[in-house]
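Since the structure comes first, as structure tokens, the remarks are kept for the end.
The values are calculated or read from the model by the stated rules, or taken from the named source; none is laboratory data. Note that the structure is predicted; figures quoted are calculated from it, not measured. Heads up, the Cβs are rebuilt from the backbone with ideal geometry, glycines too, and the neighbour counts pull from every protein chain shown. When the accessible area is computed, the model is the full protein with side chains, heavy atoms only, and any ligands, DNA or RNA have been set aside. Shrake-Rupley method; radii C 1.70, N 1.55, O 1.52, S 1.80 Å.
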Amino acid sequence: MAEQKSDSGRARVAVVTGAASGIGAAVATRLARDGFSVAVADLDLARAEQASAPLPGGAFAVQVDVAREASVRQMVEMVLGRAGRIDALVNNAGIAGQSARCWELPDGEWEKVLGIDLNGVFYGCRAVLPHMLERGSGRIVNVASIAGKEGNPNAVPYSAAKAGVIGLTKAIAKEVATQGVLVNCVTPAVIETPILAQVSQAHVDYMVSRIPMARTGRPDEVAALISWLCSDECSFSTGAVFDISGGRATY
């Protein structure tokens, strides 16, 4: 992919949340390789610093708790203060939550998962959009899941949150469709990342059994798609849902 440069010739700036590991780390690596200066945002600042250190293009770490709107706003302000602009935001931070039937989940589990997986995406969009709209340019990519389309048993909060991300993406995209900002989401099937340690092996086996290609996806495969969605080459897609599911998606 062509190196991403701003109108002034400087490298464009991308913010990736949950970027210390898994899909987020792969996205940060790919965007840095494709010419972005990447803000590696994560709750774990030490791991974010480790993840950003080897990246080219002036990558840097920033701490954020996506479940807290004030923290997300502070992150955006910090990035703008340091880099002067935000050209792309990848709302990737998320948790799987516990694997259990909905009536067996502990109190607070619903709120915890939705607070990170759905509210965090909304807070990110809400914080960065005024800057992007003022400049008349921007790309937002929200990481949803095939679970948001089909609904995975024993993952009710996660499935509901990711369905919400899909609806949120479509609605915000329509609000800004004529103002130079494109908002899309990706819906991966099961990807081989540390988040799988949060769920039972039976749940992992169920998810893989639903994939016609009969394998898990790789973080770099998701990162390649997201990098294109952050680029100028993506110019006529907004409010769209891009499946990366090994054939699992049915619509």
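Quick notes on this structure:
- Output for the range 221-251, where each listed residue is open to solvent by 10 Å² or more (accessible area, probe 1.4 Å), of a type in the set (A, V, I, L, M) and within 16 Å of Ile211 (Cβ to Cβ): Ile244, Ala249
Each row is one residue, and each column tells you yes or no for (1) in a loop (DSSP other than H, G, I, E, B); (2) surrounded by fewer than 22 Cβ atoms within 10 Å (Cβ to Cβ); (3) modelled with pLDDT under 95.
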{"site": "Val15", "(1), (2), (3)": "no, no, no"}
{"site": "Ala19", "(1), (2), (3)": "yes, no, no"}
{"site": "Arg30", "(1), (2), (3)": "no, no, no"}
{"site": "Ala41", "(1), (2), (3)": "no, no, no"}
{"site": "Pro54", "(1), (2), (3)": "yes, yes, no"}
{"site": "Met75", "(1), (2), (3)": "no, no, no"}
{"site": "Val79", "(1), (2), (3)": "no, no, no"}
{"site": "Leu89", "(1), (2), (3)": "no, no, no"}
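- Close pairs from the range 7-34: first basic (Lys, Arg), partner at pLDDT below 95 and open to solvent by 30 Å² or more (accessible area, probe 1.4 Å), Cβ under 8 Å, at least 6 apart: Arg12/Lys5
- Summed over the range 91-105, residues that are open to solvent by 50 Å² or more (accessible area, probe 1.4 Å) and assigned to a loop (DSSP other than H, G, I, E, B) total 2.
- In the range 147-196, the qualifying residues are those that are within 24 Å of Arg218 (Cα to Cα) and polar (S, T, N, Q), and the one that is surrounded by the most Cβ atoms within 10 Å (Cβ to Cβ) is Thr169.
- Any hit, the range 107-114, residues being assigned to a loop (DSSP other than H, G, I, E, B) and open to solvent by 30 Å² or more (accessible area, probe 1.4 Å): yes
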